[in-house]
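The values are calculated or read from the model by the stated rules, or taken from the named source; none is laboratory data. All values derive from a computational prediction rather than experimental measurement. Cβ coordinates were reconstructed from backbone atoms using ideal geometry, including for glycine residues, and neighbour counts include every protein chain displayed. Only protein heavy atoms, including side chains, enter the accessible area calculation; ligands, DNA and RNA are left aside. Shrake-Rupley method; radii C 1.70, N 1.55, O 1.52, S 1.80 Å.
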Amino acid sequence: MMPIGPLMIEHRLIEKMITLMDEEIAKMKKHRKANPLFIETAVDFIRMYADRTHHGKEEDILFRDLEKKDLSPNHENIMDELVEEHIWARNTVGKLVDAKQQYVKGNVNVVDDIIELMSELTEFYPKHIEKEDKRFFIPVMKYFTQEEQDAMLDEFWEFDKTLIHEKYQQVVSNLQEKSK
Ligand SMILES: [Fe+2]
Ligand SMILES: [Fe+2]
């Protein structure tokens, strides 16, 4: 398998979550109510899976190795855009968390902000994924030898292995913080 194989498989799961978020947006618009539990689950998915696990492999391994190569100006530009887009997604999720907290505290007017932020995310991800799948991942594989691609795939698996531990260490330390 090429190293972009797991990244593309991960895109398919992200798309499923985006569909669920779109359904949730429709419910929020209809009932003028937010479901904090759904938002927490979607935020956890985006932060831990779409960002830490998926963007993590893109940025910390694939893009890091591409930076050592003599990229065409077009590929250089797309990679810069992708990094910027990851930052935008991180910030937008942060804003969604803030809005959800306001909502939980009783400020029900922020439901419009929640709808807006979730809609921005569900519009963003399909475009970002399409750019990677259709215009970046396959063409940039040509910069790597077969050995380099195999080594990258191995590094991806190693990267993934650490994350379940990181996730639950975080769960325990968050609970410890709360119980202080
Ligand atoms: Fe990405
Ligand atoms: Fe991606």
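Quick notes
- Hits in region 1-58 - residues which are within 12 Å of ligand 2 (Cβ to nearest atom), charged (D, E, K, R) and open to solvent by 40 Å² or more (accessible area, probe 1.4 Å): ARG12, GLU15
- Screening the candidates LYS134, LYS142, LYS100 for the property of being under 24 Å from ASP22 (Cβ atoms) and exposed (fewer than 14 other Cβ atoms within 10 Å of the Cβ) yields one hit, LYS134.
- Pair list, Cβ under 6 Å, 6 or more apart: region 150-166 residue over 14 Å from ASP51 (Cα atoms), other residue assigned to a helix (DSSP H, G or I): GLU155/ILE61; PHE156/PRO6; PHE156/LYS57
- In the condition set (1) under 23 Å from THR162 (Cβ atoms); (2) charged (D, E, K, R); (3) more than 15 Å from the chain's Cα centre (by Cα); (4) within 16 Å of ligand 2 (Cβ to nearest atom), ARG90 is compliant with all but (3).
- Failed criterion for LEU71 (all others in (1) modelled with pLDDT of 95 or more; (2) away from ligand 2 (no atom under 16 Å from the Cβ); (3) over 21 Å from ASP22 (Cβ atoms); (4) surrounded by fewer than 15 Cβ atoms within 10 Å (Cβ to Cβ) hold): (4)
- All of (1) open to solvent by 20 Å² or more (accessible area, probe 1.4 Å); (2) over 16 Å from the mean Cα position of the chain (by Cα) hold for MET152 with one exception: (1).
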